[in-house]
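Presented below is the structure to which this report refers.
The values are calculated or read from the model by the stated rules, or taken from the named source; none is laboratory data. Given the structure is predicted, the values throughout are model-derived calculations rather than measurements. Using ideal geometry, Cβ is built from the backbone for each residue, glycine included, and neighbour counts are taken over all protein chains shown. Just so you know, the surface numbers come from the protein's heavy atoms only, side chains and all, with ligands and any DNA or RNA stripped out. Shrake-Rupley method; radii C 1.70, N 1.55, O 1.52, S 1.80 Å.
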Amino acid sequence: MANLKESSFWEEGIYQWETSDPVLGGENGIDNVPTRQLANRTKWLKDNKLDKSATAVSADLAKKAQVADKLSKARNVGGVAFDGTEDIDLPGVNKPGNQNTSGNAATASYAAQIAARKIGGVIFNAKTDIDLPGVNIKGNQDTSGNAATASKLQTICTINGVSFDGSADINATPAGAIQFFAMETAPVGWLKANGAEVSRTLYANLFAAIGTTFGAGDEKTTFNLPDLRGEFLRGWDDGRAIDNGRILGSWQIGTPISHDDTQGIGSFNPTNMCRNVREYGDNWNFDYWPEGYYSAPYGGVMKTYWNGFFTMTRPRNIALLACIKI
C-alpha cells in the first residue's frame, strides 16, 4: 500500500464518482481522483499559509497562474516567437499542403518534396545542388555595369583607328612617328632621335617600323635611331625627280646652289643668293669670273646663271627636341 502523491495545486473542482464508474485503484485510477484533488488543495493551502478569509482570493490567483493568457517571456517555437497571446504558423506544419507525408522528412527524396521552385531563376527541387549565375562559378559574374572592376569593355572601340577593348595598352600614334617637343627630355613612349643604338627586342615595334634604315647597330641585337640633332628636315623625293637619287633616311651635306634663271635675269637679287660654284656637264666653271650674270649652254639649252656670293646661309629657326615614337 502506498501514499497518494500530493501536488501544491489548487484544484478547481472535486470529481464526483458516478454509478457508472468502474472500480479502479492505483496511482491514476479513478477511485483515487477525488482524494488526490483534496490532497492537492490541502498541500497548496499549507504551502501558502492562507487563512479562511484569503482562501477564495488565493484560489483565484492559483487558477490564473495555471491558466495564464500570456507567458512572462516569449519563447521560440520552430523559430517563430510565441508568447501565448495569439496563434502562430510554423513553416511546413500548420498550413495544409505544407506537411511532408512521405515519411521521414530528414531523409525524404526530392520526389516527396513540394513542387520545384526557382532560386535566382534556377529551378530547384532538392535533387541536386544548383549554381546561381554570377555567384558560384568563376567568370559568371556580370560586370557589364561595374566600371570599377571591369577588365574588358563590352563593346570594342577605336582610338585613332586602333581597336581598343581595355584588355591591353595600345599605341594611338604609330611607331616611327617623328615629333618635336619643347622640353629637354623625351616623354613616355618616345625616344630622343639622337642616333642612339637600341635593343631590337626591347623596341620591337619601332624596329619593325624602321628596321636598319638609320643604322644596323651591332647587326644582331641592336639598331640605330635617326639622328636629327641640329638638322633641318627635307621631304623625301619619293620619285618626284626634284631631289634625284635620294633614298629614305639618307643624309645630305650643305652645298652652294647654282640658279637657273629661265624666267629672266631681273628676277634674281644678287645679294640674296649663295655662290655659284659650277654647273656640271658642259665644263663651265665660273669660279674665276667676275661677279655677275652669265649665259652658258647646259644639256643643249642656253641657261642664265648668277656667279657671286649670297649673304644668307640659313633661315630663321628655333631649336626643339626631336623624338621618335617607340
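Accessible area per residue was computed with a 1.4 Å probe on protein heavy atoms; TRP17 scores about 150 Å².
In nm, what is the difference between 0.36 nm times the number of residues separating ALA209 and ARG246 and their Cα-Cα distance? Provide the component values of the computation, followed by the final result.
Numbers: separation 37, 0.36 × 37 = 13.32 nm, distance 1.97 nm.
Full extension of this stretch gives 11.3 nm more.
Legend: residues ARG234, ARG240, ARG316, ARG41, sorted from most to least accessible area (1.4 Å probe; ligands, DNA and RNA excluded), read ARG316, ARG240, ARG234, ARG41.
You can think of it this way: the chain between TRP17 and ALA150 has 39.3 nm of extra reach, that is 0.36 nm per residue less the Cα-Cα gap. Spin-label model, MET302/SER7: points 7 Å from Cα along the beta carbon direction are separated by 15.0 nm. Region 1-50 and region 210-253 have Cα centres lying 124 Å from one another.
Ordering THR201, THR19, THR213 by accessible surface, largest first, gives THR19, THR201, THR213; the 1.4 Å probe counts only protein heavy atoms, with every chain in place.
The slack between GLU231 and ASN194, meaning 0.36 nm per residue of separation minus the straight C-alpha distance, is 12.2 nm. Restricted to Cα atoms, region 171-250 shows a radius of gyration and a Dmax of 13.7, 38 angstrom. Per-residue SASA remark: GLU27, around 110 Å² accessible (1.4 Å probe; ligands, DNA and RNA not included).
A simple spin-label model places pseudo-atoms 7 Å from Cα toward Cβ; at ALA182 and GLU27 they are separated by 10.8 nm.
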